[in-house]
Every structure is written in C-alpha cells, then in structure tokens.
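Beneath this line is the structure, given in structure tokens, with notes to follow.
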Amino acid sequence: MSVAELIKKFDVRETVPVDVNDVITEFKDRGIKDEIFFWAVDLNDHHLKGQLVHIEEWDHPGFEGAPTRTFADIYYAKDMPDDEKRLVACKELLHILDHPACRAATEEEVEKLFSKIGLPPEMQEPFKDGPAVNTDRTAIYQAVAVLFPYATRQLLLKPYNDGKINLADIIRMVDLPKKYVASVMHENWEGLHRVLTNGVL
C-alpha cells in the first residue's frame with residue numbers, strides 16, 4: 001500500500017474526526033506491521049515532535065530471510081496539544097510506508113534529519129537536503145489529507161464560503177491544528193491534494 005492509496009481510501013469519509021486507530025487497522029489488516037506502539041515522551045517539540053523506530057525480530061539464527069515479526073515504536077512529544085498529537089501520530093504512522101531509501105537509518109542520517117526538518121522555508125534546500133528530509137516535510141500534509149478527508153472538505157466548503165460556519169467550527173469538527181485546517185479549506189488545497197493522491201511526492 002502506498003500513502004497515496006491510503007489517502008484515497010480515507011477520502012470518501014464524511015464523518016469526522018477520523019480516528020488514528022482506523023489508520024492502524026489498515027496497516028494491520030494488510031500485514032504491514034504486526035504491532036504498533038505509541039510512547040508519550042519528553043521531546044523538544046520545536047525541533048522534533050515525533051519519531052518512528054522500526055523493529056524486526058527473527059526466530060532463526062543469523063538474521064536470515066525475512067523477519068518473523070515486525071513492530072513500530074512511535075514516539076511523540078507529550079507536551080503537545082491533543083490535536084497536534086493526533087496529527088503527529090498519523091504522520092509517523094505514514095512513515096511506515098516510506099521506501100527504505102527515504103528512511104534515516106544511521107545515527108548520522110538521523111542527526112542530519114533533525115538538523116534540517118525544523119529549518120524555516122527560506123533555509124530549506126530540497127535538492128540538497130536528501131530524500132529522508134523531503135519525505136518528512138511532505139508527510140505532515142499527507143497525514144492532514146488522511147485525517148481531513150476530501151469528501152468532508154467538500155461538504156464543508158459551501159457553508160464555509162457562505163459564512164455559515166467558520167474556521168473555529170471546522171477545527172472542532174476535525175480535531176486538527178488551525179494552520180492545517182486553514183490549508184485544507186484554502187482554494188490551493190485541491191491542487192496539492194491531486195499531487196498527494198497521485199503519489200508523485
């Protein structure tokens with residue numbers, strides 16, 4: 001399963017908020033991970049809000065063949081607001097689907113990722129930062145697309161544009177941070193959504 005396919009699966013939902021456990025179920029039903037665990041920890045959430053760690057177990061010596069069981073440990077900053085915890089948890093879940101080439105596997109790669117992901121836009125260099133960094137930056141909007149389905153957006157768009165509901169109303173409905181709810185309700189979201197669901201990022 002690709003992230004684009006997952007977004008499309010959730011796109012038809014008209015009931016919100018989307019439960020992150022529903023994303024976990026999709027992964028487990030497809031055998032993507034045997035177990036997924038979440039851990040609330042002390043993190044400097046200005047630089048790092050969450051982290052995924054892949055764990056593999058072998059029952060046979062020498063780590064030959066495929067692992068017998070696979071796990072994911074997801075760590076998130078415990079001091080974040082609940083809506084941001086939901087978003088970060090989903091974002092880290094989506095990283096499970098990353099191609100191995102886009103993962104930070106060594107300590108050096110992890111340090112580079114940490115140093116780059118929090119940079120302001122004017123200091124980002126997509127062509128130099130590497131696939132792990134660029135994948136991490138994209139994943140937040142992929143998670144938003146899963147947790148704020150396109151069908152729900154379409155239902156809310158007319159009453160929102162007509163002033164019958166406001167951004168605060170939608171934030172309460174979808175349980176996501178204001179910045180990202182505003183992005184989804186903006187006219188440019190349709191173009192970004194097409195890119196996300198075509199799987200070209």
### Query
Could you list log10 I(q)/I(0) for the range 162-201 at q = 0.19, 0.23, 0.27 Å⁻¹, which the Debye formula gives when each Cα is one point scatterer?
-0.62, -0.79, -0.91
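Can you figure out the FRET efficiency of Ser183 with Ala151, using R₀ = 22 Å and their beta-carbon distance, to the nearest 0.05?
On the way: r = 17 Å, r/R0 = 0.78.
FRET efficiency, Ser183 to Ala151: 0.80.
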### Message
I'd like the Karplus ³J(HN,Hα) series for the range 174-185: coefficients 6.51, -1.76, 1.60, θ = phi - 60°, whole numbers in Hz, and an x wherever there's a Gly or Pro.
### Response
8, 6, 9, x, 3, 3, 7, 5, 4, 4, 5, 7
### Task
Determine the gain in length on full extension of the stretch Glu35-Ile55; use 0.36 nm per residue of separation and subtract their C-alpha separation, reporting nm with one decimal.
6.2 nm
### Message
When 1/r is averaged over all different Cα pairs and the result inverted, which Kirkwood radius in Å belongs to the range 1-56?
### Response
13.6
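Bear in mind these aren't lab numbers, they're just calculated from the coordinates by the rules spelled out. Keep in mind the model is a prediction, meaning the values are calculated, not measured. Quick reminder, even Gly has a Cβ in these numbers, built from the backbone with ideal geometry, and neighbours come from all protein chains shown.
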